[in-house]
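The values are calculated or read from the model by the stated rules, or taken from the named source; none is laboratory data. Remember, it's a predicted structure, so these values are computed and weren't measured experimentally. A quick note on method: Cβ atoms are made from the backbone with ideal geometry, for glycine too, and the neighbour counts reach across all protein chains shown.
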């Protein structure tokens, strides 16, 4: 990116999103969109790289879609690991007879 886009903020569903482009700590030529949401304190997200053709409207759509999906994943029940079926190798082991 030759010119860094200006930070901007927008409101969606009573949430204020603040977006800014920052260079990666490891690769200075690699810039990422970071955003904060008014409903979360001390939490920042960097879901995608900044592209030369990014506009506030395209970034807003991507940020809202990412954040809504994140909230859906957080609300989903955690997968249970206790009720796993035995693997086929475990089922194929010979049973001991007395």
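Kindly indicate whether residue 16 is loosely packed, with under 14 Cβ neighbours inside 10 Å and part of a loop (DSSP other than H, G, I, E, B). The answer is no for residue 16. Evaluating residue 61 against the criteria (1) in a helix (DSSP H, G or I); (2) at pLDDT below 95 leaves one unmet condition, (2).
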